[in-house]
1. Tally the residues that are at pLDDT below 75 and assigned to a loop (DSSP other than H, G, I, E, B), restricting the search to the range 342-393.
2. Val86 versus (1) surrounded by 18 or more Cβ atoms within 10 Å (Cβ to Cβ); (2) at pLDDT below 85; (3) of a type in the set (Val, Ile, Thr): which is the lone unmet condition?
3. Filter the range 238-291 down to residues that are within 11 Å of Arg165 (Cβ to Cβ) and assigned to a helix (DSSP H, G or I), then give me how many there are.
4. Can you tell me which of Lys229, Lys250 is surrounded by fewer than 18 Cβ atoms within 10 Å (Cβ to Cβ), out of contact with any helix residue (DSSP H, G or I) (no Cβ under 8 Å at 6 or more places or on another chain), under 24 Å from Ala300 (Cα atoms) and not aliphatic (A, V, I, L, M)?
5. Out of the range 183-201, which residues are more than 13 Å from Asp142 (Cα to Cα) and part of a helix (DSSP H, G or I)?
6. Pick from Ile359, Ile347, Ile366: which is under 15 Å from Arg315 (Cα atoms), in the same structural domain as Thr382 (by TED's automatic domain parsing) and touching a residue at least 40 places away in the same chain (Cβ under 8 Å)?
7. Of all the residues that make up the range 12-63, how many are in a loop (DSSP other than H, G, I, E, B) and among the aromatic types (Phe, Trp, Tyr)?
Amino acid sequence: MSKARVAVLKVVTKELSVTAAAAHYGYSRQHLHRLLARYRESGLDAVDPQSRRPHFNPRATSSEVRELIVELRLQLLRDGLDAGPVTIAWHLTEQGHRAPSTSTIRRTLTNAGLIDPEPRKRPRSSYHRFQASQPNECWQSDFTHWHLADGTDIEILNWLDDHSRYLIRCTAHPRVTGDIVVTEFLTACHEHGQPASTLTDNGRVYTARFGGGKNAYEYLLAILGITQKNGHPGHPQTQGKIERFHQTQKQWLAQQPPTHTVAQLQHQLDRYRSIYNEQRPHRALDRTTPAKTYTALPKATPARGDGAIGHHRLRYDHVDVWGKVSFRRAGRMHHLGVGYTHRGTRILAIADDTTVTVIHLETSEILSTHTIEPDKTYWRNTQRAPGRWPGAL
């Protein structure tokens, strides 16, 4: 029995006076008189503490909104998308509803049994993040693994804008090679302009610096004047945005029907790219979409040039016994005069709209440069003296 009930009964049965009961049980005389009035009006149950909650709250979340919160949570989870309180609030606003606070949404989901308690996480304020200040200031790239329905391992190559988290390009391949990286990068540049820099790990498709040379991707970036940045070995946090993106991408793919071919997987990735860029609010972007953020500011360009990109072609070959390299262009075979002293040398030929540059793969030395003359079969070396490629080791 509560202390209030005991005090009231002591007075009612005349065992104690109001003054004595108030002093003994720690009440003021005024409060004990209020308890006695409640008892005479409504009985002993009315003596217990009463809720101060108002009978009606005009600002309370309606049952319609609470049901919609639950429906959105379930639908977003089925779609493999983020379904947290902040995202749900964004979707409510997009649908024309007045979104309650995120704490109310979280409480609604908890009451519905849709949130599992998790251990406390490190506060976001403790993280120190770098973010490019303009679109195309930096592109992050990496590839991740996915499996077809029969267990075949497929590699997905992604290019992500650091400033806006805009998914520049996303393609599936049986295996990502250096040539594929170059081809997809050039395609992305044709569609979105050149980035001022790129950030990748130290995989061989991105850099050969630990092997004592350069690969085609590195040569291409040097041609275009694009700064190449690589993370420290064993420290994937440097490429944190693309690493975190892979989790989001795989979460969505896991909710889709299994695919049996690379083409089917690519179709899913094309659909995901549209959803991710244009329909999914991003927490790091203050709940705006990557597409809106990517187009909100002028794009950065490489330190050299204006960001425009022409046609580029890369070809590996050996200098023949006559000191020449064959090069096909527009269905016609041409011959590049590299030099008799370089016969047998493994080279990389990089062609743009006007020039072909021949580079020694082992030393990074420019062996020859050739002006493209479509009406001539033989293209002579216009370089007067051997040189070194910009940034060569």
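1. Quick first cut of the range 342-393, residues at pLDDT below 75 only: 361-364, 384-393.
So of that shortlist, the ones also assigned to a loop (DSSP other than H, G, I, E, B) come out as 361-364, 384-386, 389-393.
Adding up the residues that qualify gives 12.
2. Result: Val86 fails condition (1) only.
3. So the answer is 12.
4. Lys229
5. Thr183, Leu186, Thr187, Ala188, Cys189, His190, Glu191, His192
6. None of the others qualify; the one that does is Ile359.
7. 2
One line per residue, one yes/no per condition, for (1) touching a residue at least 12 places away in the same chain (Cβ under 8 Å); (2) in contact with a strand residue (DSSP E or B) (Cβ under 6 Å, 6 or more places away or on another chain); (3) surrounded by 15 or more Cβ atoms within 10 Å (Cβ to Cβ):
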site	(1), (2), (3)
Lys14	no, no, no
His33	yes, no, no
Ala37	no, no, no
His91	yes, no, yes
Glu94	no, no, no
Gly113	no, no, no
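The values are calculated or read from the model by the stated rules, or taken from the named source; none is laboratory data. Keep in mind it's a predicted model, so treat the numbers as computed, not measured. Reconstructed Cβ throughout: ideal geometry from the backbone, glycine too, with neighbour counts over all protein chains shown.
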